[in-house]
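Trainee: Right, I'll just put the structure down here and ask away after.
The values are calculated or read from the model by the stated rules, or taken from the named source; none is laboratory data. Since this is a predicted model, take the numbers as computed values, not measurements. Neighbour counts are summed over all protein chains in view; Cβ atoms, including those assigned to glycine, are modelled from backbone coordinates with ideal geometry.
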Amino acid sequence: MRSALQLALPLALSISLAAQAPPRATSPAPALILVKAGRLIDGRADAPQSNVAILIEGERIKAVGPLAQVQGQAKGARVIDLSPLTVLPGFIDTHTHLLLQGDPTAESYNVQLLYQSIPYRAILAARNARIALEHGFTTIRDLETEGAMYADVDVKRAVNRGEIPGARIFASTRAMAPTGMYPIVSDNWELELPHGVQPVDGVEGARLAVREQVAHGADWIKYYSDRRYYFTPDSVLHSWVNFTDDEARAIVDEAHRLGRKVAAHAIGADGIAAALRAGVNTIEHGDGMTDSLMDVLVARGVYWVPTVTVGRYVAGPRGGPWEPMVEHQRLAFQRALKKGVKIVLGTDVGGFPWTEINQAKEFEYYVQYGMTPMQAIKSGTSLAAELLGQPDLGAVTPGAYADLVAVQGDPLKDITELERVRFVMKGGVTYLSQ
């Protein structure tokens with residue numbers, strides 16, 4: 001048996017060595033940045049502020065207020081002088097497709113799924129994440145990969161790890177539709193073609209699909225509530241509903257049980273109604289919105305993401321009901337605004353090419369459709385952050401992420417200024433400065 005002395009010697013030696021060891025290096029304090037803003041639209045207030053200072057510590061905002069007041073806390077801070085510009089929170093686009101490069105026609109969609117590998121599409125997606133950031137969109141919700149499996153999660157991880165510059169991404173991976181109800185669908189039964197979504201059938205299949213997507217990194221769950229849109233003589237835009245009510249409810253219930261929210265592609269009145277019965281959190285597109293459906297959205301706090309830009313882009317090439325759908329949606333938008341529906345900015349970029357149209361065009365359409373410029377700005381900042389459940393995004397306020405955009409003119413007088421950003425910061429890092 002070992003003596004007490006033998007047992008005590010190793011302990012005494014370790015204490016002695018610890019006492020002699022040099023102190024461990026500590027992480028340096030986060031760098032301070034003082035941003036001088038000539039005019040600030042903070043994303044929440046109803047009026048802008050003038051001559052404001054924003055103190056940033058690391059990736060978050062530490063203080064916001066009059067320059068003289070904030071400067072006292074900014075000893076040693078690096079100064080970014082944006083006093084000639086209007087500063088806003090980083091924009092948020094709640095409906096994007098990083099893995100898609102425009103699909104106005106079936107042919108343009110099929111070419112991408114049939115002739116482009118997922119690695120190649122992921123390279124383009126990384127480029128698109130940077131385009132979004134350079135246009136001022138510091139955060140996006142990417143609503144499915146269109147046949148590229150879970151590649152949106154890979155792009156998200158690369159951005160988060162600093163491997164590539166890009167917008168902050170909330171990913172929804174594959175989306176869902178029943179068998180045979182989403183392209184690519186072929187008359188040749190001998191061929192198994194790529195699926196643009198995850199085919200899902202039955203209640204148990206619906207629950208399993210949600211679990212698989214969450215396991216692979218989905219922040220949101222998306223499903224296709226309808227297809228085949230048509231007008232009836234009473235000017236109502238109808239659609240064919242994809243899932244049974246039991247299947248749709250299973251998707252939503254399982255997603256909510258696992259702490260995920262659900263977005264539903266729902267264009268016609270029938271698809272919107274089915275999605276609301278299932279308990280979804282957001283209605284995407286919603287061209288066939290009726291007054292009674294708007295009342296349900298208001299009562300349940302469901303958000304509407306109208307994606308005006310893509311609707312106008314695809315109307316001509318697709319023809320049929322798509323052209324009158326544009327005007328139908330414009331009128332519904334105006335009525336929804338009066339009813340107090342929560343309308344949130346989402347563009348469906350990817351449905352139109354990332355390289356052709358600036359996502360900020362959506363702000364302009366919202367003003368044309370009846371929003372004030374301030375309402376439009378909030379739809380793409382603080383209200384979008386509310387949709388995402390992220391109170392530390394979409395506003396210039398202490399504790400929020402230091403996501404800032406600056407433009408030369410006054411977007412409250414000319415909303416198109418948001419299409420010409422001069423400065424972009426995400427998480428305290430400057431990515432664009434002109």
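Trainee: Determine if region 119-132 includes at least one residue that is in contact with a Leu (Cβ under 9 Å, 6 or more places away or on another chain), over 23 Å from His216 (Cα atoms), assigned by TED's automatic domain parsing to the domain that holds Val310 and not hydroxyl-bearing (Ser, Thr, Tyr).
Mentor: So far as region 119-132 goes, yes, one or more of its residues are in contact with a Leu (Cβ under 9 Å, 6 or more places away or on another chain), over 23 Å from His216 (Cα atoms), assigned by TED's automatic domain parsing to the domain that holds Val310 and not hydroxyl-bearing (Ser, Thr, Tyr).
Trainee: Can you tell me how many residues within region 328-362 are under 24 Å from Asp295 (Cα atoms), part of a loop (DSSP other than H, G, I, E, B) and polar (S, T, N, Q)?
Mentor: 1
Trainee: Of the residues that sit in region 204-229 and are of a type in the set (D, E, K, R) and out of contact with any strand residue (DSSP E or B) (no Cβ under 8 Å at 6 or more places or on another chain), which one is surrounded by the most Cβ atoms within 10 Å (Cβ to Cβ)?
Mentor: For region 204-229, the residue satisfying everything is Arg207.
Trainee: Out of Gly162, Gly180, Gly136, Gly166, I need the residue that is without any contact (Cβ under 8 Å) to a residue 24 or more places away in the chain, under 15 Å from Tyr431 (Cβ atoms) and in the same structural domain as Asp201 (by TED's automatic domain parsing). Which one?
Mentor: Result of the check over Gly162, Gly180, Gly136, Gly166: Gly162.
Trainee: Would you confirm whether or not region 246-253 contains a residue that is within 24 Å of Asp93 (Cβ to Cβ) and not in a helix (DSSP H, G or I)?
Mentor: Checked region 246-253: no residue is within 24 Å of Asp93 (Cβ to Cβ) and not in a helix (DSSP H, G or I).
Trainee: Given the criteria under 20 Å from the mean Cα position of the chain (by Cα), outside the structural domain of Ala132 (by TED's automatic domain parsing) and assigned to a loop (DSSP other than H, G, I, E, B), does Pro391 qualify?
Mentor: yes
Trainee: Please find, among Arg277, Arg249, Arg260, the residue that is closer than 22 Å to Gly202 by Cβ, surrounded by fewer than 22 Cβ atoms within 10 Å (Cβ to Cβ) and in contact with a strand residue (DSSP E or B) (Cβ under 7 Å, 6 or more places away or on another chain).
Mentor: Step by step, each of Arg277, Arg249, Arg260 is checked, and only Arg260 is closer than 22 Å to Gly202 by Cβ, surrounded by fewer than 22 Cβ atoms within 10 Å (Cβ to Cβ) and in contact with a strand residue (DSSP E or B) (Cβ under 7 Å, 6 or more places away or on another chain).
Trainee: Could you identify the single residue in Ala402, Ala406 that is at pLDDT 95 or above and either in contact with a Ser or Thr (Cβ under 7 Å, 6 or more places away or on another chain) or surrounded by fewer than 17 Cβ atoms within 10 Å (Cβ to Cβ) (or both)?
Mentor: Ala406
Trainee: Within region 336-371, can you find the residues that are among the charged types (D, E, K, R), in contact with a helix residue (DSSP H, G or I) (Cβ under 8 Å, 6 or more places away or on another chain) and surrounded by fewer than 17 Cβ atoms within 10 Å (Cβ to Cβ)?
Mentor: Lys339
Trainee: If you don't mind, there's one more thing I want to ask. Quick check on Tyr365: is it among the aromatic types (Phe, Trp, Tyr), assigned to a helix (DSSP H, G or I) and touching a Ser or Thr at 6+ places or on another chain (Cβ under 7 Å)?
Mentor: yes
Trainee: Taking the stated definitions as given, is Gly316 of a type outside the set (A, V, I, L, M, F, W, C), assigned to a helix (DSSP H, G or I) and loosely packed, with under 15 Cβ neighbours inside 10 Å?
Mentor: Spelling it out, Gly316 is indeed of a type outside the set (A, V, I, L, M, F, W, C), assigned to a helix (DSSP H, G or I) and loosely packed, with under 15 Cβ neighbours inside 10 Å.
Trainee: Can you name the number of the only condition in (1) of a type outside the set (Phe, Trp, Tyr); (2) surrounded by 24 or more Cβ atoms within 10 Å (Cβ to Cβ); (3) in a helix (DSSP H, G or I) that Val396 fails?
Mentor: All conditions are met except number (3).
Trainee: Also, I was wondering about something else. Enumerate the pairs (first residue in region 269-285 and touching a residue at least 60 places away in the same chain (Cβ under 8 Å); second residue anywhere and part of a helix (DSSP H, G or I) and of a type in the set (Asp, Glu)) with beta-carbon separation below 9 Å, excluding pairs fewer than 6 apart on the same chain, so at least 6 apart or on different chains.
Mentor: That search, which allows pairs on different chains as well, returns nothing.
Trainee: Shifting gears a bit: Hey, can you tell me all the residues within region 135-170 that are under 26 Å from Glu386 (Cβ atoms) and touching a Gly at 6+ places or on another chain (Cβ under 6 Å)?
Mentor: Thr138, Val153, Val159
Trainee: Kindly indicate the residue of region 225-259 that is at negative phi and among the small types (Gly, Ala, Ser) and also nearest to the chain's Cα centre (by Cα) among those meeting that condition.
Mentor: So the residue we want is Ala255.
Trainee: I would also like to ask the following. With the condition kept exactly as written, say whether any residue in region 29-37 is free of Cβ contacts under 8 Å to residues at least 40 places away in the same chain, part of a helix (DSSP H, G or I) and farther than 24 Å from Gln434 by Cβ.
Mentor: Scanning region 29-37, I find no residue that is free of Cβ contacts under 8 Å to residues at least 40 places away in the same chain, part of a helix (DSSP H, G or I) and farther than 24 Å from Gln434 by Cβ, so the answer is no.
Trainee: Additional query: Regarding Asn188, is this residue closer than 30 Å to Val407 by Cα and loosely packed, with under 15 Cβ neighbours inside 10 Å?
Mentor: For Asn188, the condition - closer than 30 Å to Val407 by Cα and loosely packed, with under 15 Cβ neighbours inside 10 Å - is not met.
Trainee: State whether the residues of region 302-310 include one that is part of a loop (DSSP other than H, G, I, E, B), touching a residue at least 40 places away in the same chain (Cβ under 8 Å), surrounded by fewer than 20 Cβ atoms within 10 Å (Cβ to Cβ) and hydroxyl-bearing (Ser, Thr, Tyr).
Mentor: Looking for residues that are part of a loop (DSSP other than H, G, I, E, B), touching a residue at least 40 places away in the same chain (Cβ under 8 Å), surrounded by fewer than 20 Cβ atoms within 10 Å (Cβ to Cβ) and hydroxyl-bearing (Ser, Thr, Tyr), one finds none in region 302-310, hence no.
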